[in-house]
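The values are calculated or read from the model by the stated rules, or taken from the named source; none is laboratory data. Please read these numbers as outputs of a predicted model, since none were measured by experiment. Note that we place each Cβ from the backbone using ideal geometry, even for glycine, and neighbour counts take in every protein chain shown. Heads up: the accessible areas ignore ligands, DNA and RNA and are worked out on the full protein's heavy atoms, side chains in. Shrake-Rupley method; radii C 1.70, N 1.55, O 1.52, S 1.80 Å.
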Amino acid sequence: MSELKEVKVPDIGGADGVPVIEILVAAGETVAAEQGLVTLESDKATMDVPSPFAGVVRELKVAEDDEVAEGDVIALIEASDEVAAAAELADAPAPASAAAEPAQATPEPETESAPESAARPAPATAAPPAAPGPTDTGKRGTPPVPFDASVVMPDKTPYASPAVRAFARELGVDISQVEGSGRKGRIQRVDVQNHVKQVMARGGRAVSAGVGSGTGLDLLPWPKVDFSKFGEVEEQSLSRIQKISARNLARNWAMIPHVTQHDEADITDMEAFRKRLGKENPDVKVTPLVFLIKAAVAALQAYPRFNSSLQADGETLVLKHYYNIGIAVDTPNGLVVPVIRDCDQKGLLELAHELAAVSVKAREGKLGQADITGGCFSISSLGGIGGTKFTPIVNAPEVAILGVSRSRMTPVWDGEAFQPRLMLPLSVSYDHRVIDGALAARFTAHLARLLGDLRRLLV
Ligand code: CAO
């Protein structure tokens, strides 16, 4: 038995003249219950109108750009028991409410194609699994959600309807990588399909090159906790700089496969020279950092791959023939990385003057765009504070960064006896897509050798 039924616009909060921005089905198509039929866009949000029952779409009563209000008929659907049963069978794995939910709020069941890593342990606070529902795969724990760029880059939330986001999730596509061809850059179903075709045509290299996540990172949603339930709290807004660097750091950490190589430099002789230089030039503070800048330049010259950037397509390396070094500076408003240019052409004292000037400018919040762009390699020195080693995050699009901790007098075996030597811990984090571990070990050891014997800087 079949019956022709009307599907109407549901309660949309009394809004009138709401435009239909996308038609999600065609006449003659079989739809499952809760499958989106059209997408409406109000001033504040987009929403899909789902079919309340399974059946065959016999007629669409609206077209793109029509305006609708509550109660308007959208489609005539021939609902039948057989169609309903067939549609249910065909759509069994799809989440029943996917069309009505925003992408980032819809936990999906794990699929057969989900990577092993997706089966990560549930957080200790996870509630016991609910009784299996129609979409339950039988696996326990909190289901992962796909990597969502809006978590790490809140200003980059993709503009797409819930149905298109659900479609992208179904295909394992990171929707933040898809270019929208619709009005105001809206991502449409066809854009997701074209994106998949392009990736397939490239042999999936967009995924393996790591510049697009492709298969997604399957991150759990960020925990929402009402901390005031557990004790007294206060809220502090992040500064503008903190918000910007948070987004950059999160992107760099998520997209760059980081490895950190640790080593030590014997700076006993360097330190004696630094003290002498300081006494001779009381007008400027000569800290170990200027020696590190000079040694880093020499190491970059010896290992040019460290002085490169990976192009956004993930397929080309740009090797630079200039040597601009970024210095991480801790300011009251957050971390900034001013760049000292052409360090290969400057002496230790000139670098010391420039470092002092740029640190003051950074702390006074006076850095301009030109002061923070064009870096090749960065140095983050925590030596003035303490610590034995740490793992700095690469400052993209650079491919490596040097972290420096506090030097320490250490007994070093010279083959016959222990000698007191001033040892400086070096931690080089690098982008493993560009730099192999052996190369990183050589680079870091070379850097340590240069600092151990400054005469090598002249070679
Ligand atoms: N080992 C031992 N002592 C060190 C040292 C090291 N590796 N590095 C610096 N020092 C000493 C300096 O010689 C100086 O000693 P004196 O006051 O006796 O001369 C003292 O520590 C303070 O140095 P400084 O910090 O003022 O100067 P700097 O050139 O070493 O660093 C700057 C300048 C701007 C990089 C630094 O002030 C800074 O902001 N560091 C923090 C960087 C940061 O936050 N990195 C983390 C980024 S990721 O979050």
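Some values worked out for this structure:
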{"quantity": "Qualifying residue in the range 343-353 (condition: assigned to a loop (DSSP other than H, G, I, E, B) and either open to solvent by 40 Å² or more (accessible area, probe 1.4 Å) or under 19 Å from VAL428 (Cβ atoms) (or both))", "calculated": "no"}
{"quantity": "Candidates ASP431, ASP436, filtered to the one that is under 27 Å from ARG251 (Cβ atoms), open to solvent by less than 40 Å² (accessible area, probe 1.4 Å), more than 14 Å from the ligand (Cβ to nearest atom) and among the acidic types (Asp, Glu)", "calculated": "ASP431"}
{"quantity": "Every residue from the range 282-325 that is in contact (Cβ under 8 Å) with a residue 24 or more places away in the chain, within 13 Å of the ligand (Cβ to nearest atom) and either among the aliphatic types (A, V, I, L, M) or surrounded by fewer than 18 Cβ atoms within 10 Å (Cβ to Cβ) (or both)", "calculated": "VAL284, LYS285, VAL286, THR287, LEU289, VAL290, LEU292, ILE293, ALA295, ILE325"}
{"quantity": "Test: residue in the range 176-195 that is part of a strand (DSSP E or B) and either out of contact with any strand residue (DSSP E or B) (no Cβ under 7 Å at 6 or more places or on another chain) or modelled with pLDDT of 80 or more (or both)", "calculated": "yes"}
{"quantity": "Any pair with Cβ under 9 angstrom, 6 or more apart, that starts in the range 401-421 at a residue that is open to solvent by less than 50 Å² (accessible area, probe 1.4 Å) and ends at one that is within 9 Å of the ligand (Cβ to nearest atom) and aromatic (Phe, Trp, Tyr)", "calculated": "GLY403/PHE390; SER405/PHE390"}
{"quantity": "All positions within the range 368-394 that are touching a residue at least 24 places away in the same chain (Cβ under 8 Å), away from the ligand (no atom under 12 Å from the Cβ) and open to solvent by less than 70 Å² (accessible area, probe 1.4 Å)", "calculated": "ASP371, THR373, GLY374, GLY375, CYS376, PHE377"}
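Rundown of residues vs (1) in a loop (DSSP other than H, G, I, E, B); (2) over 31 Å from the mean Cα position of the chain (by Cα); (3) modelled with pLDDT under 95, yes/no style:
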residue	(1), (2), (3)
SER378	no, no, no
GLY387	yes, no, no
THR391	yes, no, no
MET409	no, yes, no
ARG421	no, yes, no
SER429	no, no, no
ALA440	no, no, no
ALA445	no, no, no
